[in-house]
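The values are calculated or read from the model by the stated rules, or taken from the named source; none is laboratory data. This structure is a prediction, so every number in the text was calculated from the model and none was measured. Quick reminder, even Gly has a Cβ in these numbers, built from the backbone with ideal geometry, and neighbours come from all protein chains shown.
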Amino acid sequence: MGKSTEDKIIMVNSFKGGTGKTSVALANCVHSCTQDGFYKNIYFIDIDRWGTSMSYALFPDEIKLKYFDEYEERYYDKVCNTVIEDKEKGTVLKAVLLNPVANRRQDYDTHGRFWQHSDISGSIFFQDLLSFLKKCISCEVNNLFVIDCSPGLTDMERSLLNEFYSMRQNGEVSEIEELYVTTFDASQIRKTVECLNDAKDFLKRGERNVSIVLNDLHNWEFISKDYDDHKFDWKKDAENIIRDLKDKNYMKIRYKEFVPDQVNASMIGYRKKLIDNIDAFVLPHEYRKEYYPHE
């Protein structure tokens, strides 16, 4: 007998810091919150184990937060922080965060766990994260998990993806989506293409849903207007990316336009928390539209 609910996992990654990866992850969360309430529980999950600032970005300083560092299987829901709750639609956006000041390399034995050794700490974190996801999935509602990864397709992300595709094959989740975010910086795009080409053989799980998100983080469209020898054309950039990819069959290119309110909200001296700036993080049409330049 199959599952009566539908659960989706979105992995958001990049191959370099500073691409706006986290903004894309949050946009997917907020976009789902503003829809028809298909997903009742929406989880933003930060898995950057070596340094994160999401607790500062999402919540006022006076809020006492719960961190995934204190995860216990029996009380799995206690590590969730409510960001947005729409009682009319019955949807809740929850943030699962890591302690931004925790130093997991100093104390060898923290809460009875051997965090200092990277292999041991990574294995513990991996198992705890899977345990948490499966506990959430066992609830009889539709869940969306948006996972904000550390930059780079490390062994952790590869292992998670393999596990997620196994869960899809077993009917535990309905859909897996992979997003790889880059700006229009030429070196970032080149690195993204080369890393995806290098990783194309590690995962053989049948049909995949993979997108490269071209994020106009610095308003290059506006800047290029001052130059006669170069005009901004994201579709031409998309065509070049597709040309250079070794495996084009599962790949989509998406464009995320420059969003001034989103950038302004994070500026020092004018920080606005997500709850006060939801509209800035709703996905624009240009991003949701899939683009296949090779067809």
*How many residues does segment 85-104 hold that are surrounded by fewer than 18 Cβ atoms within 10 Å (Cβ to Cβ) and assigned to a strand (DSSP E or B)?*
2
*Starting from residues that are part of a loop (DSSP other than H, G, I, E, B) and among the charged types (D, E, K, R), keep the ones in segment 273-294 and report whichever is modelled with the lowest pLDDT.*
Lys273
*How many residues does segment 41-63 contain that are in a loop (DSSP other than H, G, I, E, B) and within 24 Å of Ser131 (Cβ to Cβ)?*
6
*Return the total of residues in segment 260-289 being under 18 Å from Asp185 (Cβ atoms) and in contact with a Pro (Cβ under 7 Å, 6 or more places away or on another chain).*
0
*Which of the residues that make up segment 105-153 are closer than 30 Å to Arg168 by Cα, surrounded by 15 or more Cβ atoms within 10 Å (Cβ to Cβ), of a type in the set (D, E, K, R) and at pLDDT below 90?*
none
*Please name all residue pairs, on different chains or six or more residues apart, with Cβ atoms under 7 Å, provided the first residue is in segment 145-157 and is within 9 Å of Ile45 (Cβ to Cβ) and the second residue is of a type in the set (A, V, I, L, M) and part of a loop (DSSP other than H, G, I, E, B).*
Ile147/Ile47; Asp148/Ile47
_Looking at segment 157-208 only, could you name the residues that are more than 18 Å from the chain's Cα centre (by Cα), part of a helix (DSSP H, G or I) and basic (Lys, Arg)?_
Arg168, Arg190, Lys191
*What single numbered condition from (1) in a loop (DSSP other than H, G, I, E, B); (2) within 30 Å of Thr82 (Cα to Cα) fails to hold for Tyr255?*
(1)
*Please go through segment 235-263 and pick out each residue that is surrounded by 12 or more Cβ atoms within 10 Å (Cβ to Cβ) and within 25 Å of Asn277 (Cβ to Cβ).*
Arg254, Tyr255, Lys256, Glu257, Phe258, Val259, Gln262, Val263
_Based on this model, can you work out whether Ser159 counts as hydroxyl-bearing (Ser, Thr, Tyr) and surrounded by fewer than 19 Cβ atoms within 10 Å (Cβ to Cβ)?_
yes
*Starting from residues that are within 20 Å of Lys16 (Cα to Cα) and either touching a Phe, Trp or Tyr at 6+ places or on another chain (Cβ under 7 Å) or at pLDDT 95 or above (or both), keep the ones in segment 195-210 and report whichever is surrounded by the most Cβ atoms within 10 Å (Cβ to Cβ).*
Leu196
*Evaluation of Tyr270 against (1) in a loop (DSSP other than H, G, I, E, B); (2) among the aromatic types (Phe, Trp, Tyr); (3) surrounded by 11 or more Cβ atoms within 10 Å (Cβ to Cβ) (one fails), failing number*: (3)
